[in-house]
Amino acid sequence: MTTTNSSRLDHAIEVAKQAHKGQLRKTGEPYIIHPLAVKKILEEWGMDEDTVIAGVLHDTVEDTGLTLDDIRKEFGDSVAFLVDGVTKLSTARNGMRDIDTYLPATKDNFLRLMIALGDDIRVLIIKLADRLHNVRTLSALPPDKQKKIAKETLEVFAPLADRLNMGQLRVELADLAFKYVDPRRFEELKTLIEKYNKSAEKSLHKIESDISAALKKEKIKFTISGRVKSVYSLHKKLAKHNQNINEIYDLTALRIIVDDITDCYLTLGIIHSLYTPMNGRIKDYIAMPKQNGYQSLHTTVITKDKRVVEFQIRTREMHEYAERGLAASFYYNEQKLTENYKKGKIEHLPTNLFWITELQMTAAKLREGKKVDLKKLKLNLFADKIFVYTPKGDIIDLPAGALPLDFAYRLHSEIGDHVVGVKINGKMSNLNKKLEQGDIVEILTSKNQTPKTSWLDRIITSHARHKLLHRLNAPANPTAEPKKKRKPRK
Ligand code: MN
């Protein structure tokens, strides 16, 4: 945790106070409470000074008379860039909310926007801090707004926090929001978890002391603590398992943090010598990290008194990273981290840091018209997605397996409707060619082209299908192909 003490920051607070003077939040408090809360969150996450300053100023350009130029003059390019990014992000989102046709794809489009606009990942981090404070103070808003914001938080921001491996933030955002989306269910499950924990308390103490004794005997340094399951993740798991609570094996979980990877595996062995491990429940996320870079050993055991307990075993670095994710990487400083990794001081390197760095560098190079080897990009964070580029370097995300027409309709239905061909990485290709990670896709169009029924077989996204069907079924539209005659039903 860092506390930023600087005259620049003090100055930013003064400027924000002046700018928001007279404005009130829905809670009736002076507006400045909000940017100051965002500042505090960013400091807790260990963000750098520019980010904290941008956090203080994040609502000034949108909501007050202050301009981006004012900010640039007073605080420099970097702060101005960050404030601009946050402002653009909220404008873009407001615009998209109104586009009904985008509704089925809102989530993806928003993520895409966030990635494309958030050229600097710190923009997203400020946005997450902003959202966190807004859901913490959601009670002041009217119920319909509460639900809307809460829903968006569950659908967009909590998954984003997860993708950035910010575990603590994910849990807080999800639980705060779920409470508003489904209050009755929230209380029900919260009570259930509390009851369960209370009943488990005694035997957990016994397990803790047994394990502590065994680890001490092996001279392993450790800390052990209980992990409380989040209400929302229990809700999702129950839905997956037909509401059968007996199939939820991680209601009770203990977390053991040790010094290094060797100790992780030793500890796993010790646990298995004390209790019976459950078949198929041993997960080695150290050797095979999750896509967001999460690392840990997981095992579920059955204790002597027939209790099912999950253990999570990890090093301190892994723990820090699992809780704070991308923000932790900033805290550690990318350079130092890489250096120490090369020296063998850290066994674990946050993979998504590289993912984001690479993505940003690639987009920048493409915009400058430079050549880049896109095949080398490792976009592991979104394994179910591919990222492709327009010739100008805009990033478009599509589900894996997407075809050129999906891409074209994603850009605009006017482009989709008039496709005559496609160039992939500068070479003529065809509409059946699956797009691959990092492809540069150029759509060739002609005014005379009209949408074809056969295109339905060359589309995998529902967004494109929806657009195409709409056009094919619109008889008033002169550019549409005549509908095929169907046999009348008897
Ligand atoms: Mn705000």
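Scanning segment 413-437 for residues being touching a strand residue (DSSP E or B) at 6+ places or on another chain (Cβ under 7 Å) and part of a helix (DSSP H, G or I) gives a total of 1. Could you grab me the full set of residues in segment 209-231 that are in contact with a Lys or Arg (Cβ under 6 Å, 6 or more places away or on another chain) and either within 14 Å of Ile313 (Cα to Cα) or not assigned by TED's automatic domain parsing to the domain that holds Leu192 (or both)? Correct list: Ser225, Arg227.
Being in the same structural domain as Leu169 (by TED's automatic domain parsing), within 15 Å of the ligand (Cβ to nearest atom) and not polar (S, T, N, Q) is a property that Glu62 has. Looking only at residues of segment 1-28 that are among the hydroxyl-bearing types (Ser, Thr, Tyr) and more than 16 Å from the ligand (Cβ to nearest atom), we find that the one that is nearest to the chain's Cα centre (by Cα) is Thr2.
Here is a yes/no grid of residues against (1) open to solvent by 10 Å² or more (accessible area, probe 1.4 Å); (2) at pLDDT 95 or above; (3) assigned by TED's automatic domain parsing to the domain that holds Gly293; (4) more than 25 Å from the chain's Cα centre (by Cα):
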residue	(1), (2), (3), (4)
Ala383	yes, no, no, no
Tyr389	no, no, no, no
Ile395	yes, no, no, no
Pro399	yes, no, no, no
Ile415	yes, no, no, yes
Lys434	yes, no, no, yes
Lys447	yes, no, no, yes
Pro451	no, no, no, yes
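Consider Lys236 carefully, then state whether it is of a type in the set (Lys, Arg), farther than 22 Å from His272 by Cβ and at pLDDT below 85. It is false that Lys236 is of a type in the set (Lys, Arg), farther than 22 Å from His272 by Cβ and at pLDDT below 85. Considering segment 152-168, the residues that are under 12 Å from the mean Cα position of the chain (by Cα) and within 16 Å of the ligand (Cβ to nearest atom) include one that is surrounded by the fewest Cβ atoms within 10 Å (Cβ to Cβ), namely Val156. Evaluating Glu201 against the criteria (1) without any contact (Cβ under 8 Å) to a residue 12 or more places away in the chain; (2) touching a helix residue (DSSP H, G or I) at 6+ places or on another chain (Cβ under 8 Å) leaves one unmet condition, (2). Condition (residue is at pLDDT below 90, more than 28 Å from the chain's Cα centre (by Cα) and open to solvent by 60 Å² or more (accessible area, probe 1.4 Å)) applied to segment 221-229: is it met by at least one residue? No; the residues of segment 221-229 include none that is at pLDDT below 90, more than 28 Å from the chain's Cα centre (by Cα) and open to solvent by 60 Å² or more (accessible area, probe 1.4 Å).
A quick yes/no check of all residues on (1) away from the ligand (no atom under 15 Å from the Cβ); (2) crowded, with 17+ Cβ neighbours inside 10 Å:
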site: Pro30; (1), (2): no, no
site: Lys40; (1), (2): no, no
site: Glu43; (1), (2): yes, yes
site: Met47; (1), (2): yes, yes
site: Thr51; (1), (2): no, yes
site: Gly55; (1), (2): no, yes
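Does Thr87 qualify as being in contact with a His (Cβ under 9 Å, 6 or more places away or on another chain), within 14 Å of the ligand (Cβ to nearest atom) and modelled with pLDDT under 90? Answer is yes for this residue. Scanning segment 417-432 for residues that are more than 19 Å from Phe387 (Cα to Cα) and open to solvent by less than 50 Å² (accessible area, probe 1.4 Å) yields Asp417, His418, Val419, Gly421. The residues listed here are Ala213, Ala239, Ala174; of these, the one that is among the aliphatic types (A, V, I, L, M), open to solvent by 10 Å² or more (accessible area, probe 1.4 Å) and within 30 Å of Leu124 (Cβ to Cβ) is Ala239.
For segment 139-151, taking the residues that are more than 13 Å from the ligand (Cβ to nearest atom) and not charged (D, E, K, R), the one that is farthest from Val56 (Cα to Cα) is identified as Pro143.
The values are calculated or read from the model by the stated rules, or taken from the named source; none is laboratory data. Please read these numbers as outputs of a predicted model, since none were measured by experiment. Every residue, glycine as well, gets a Cβ built from its backbone with ideal geometry; the counts of neighbours run over all protein chains shown. Accessible surface areas use protein heavy atoms only, side chains included; no ligands, DNA or RNA. Shrake-Rupley method; radii C 1.70, N 1.55, O 1.52, S 1.80 Å.
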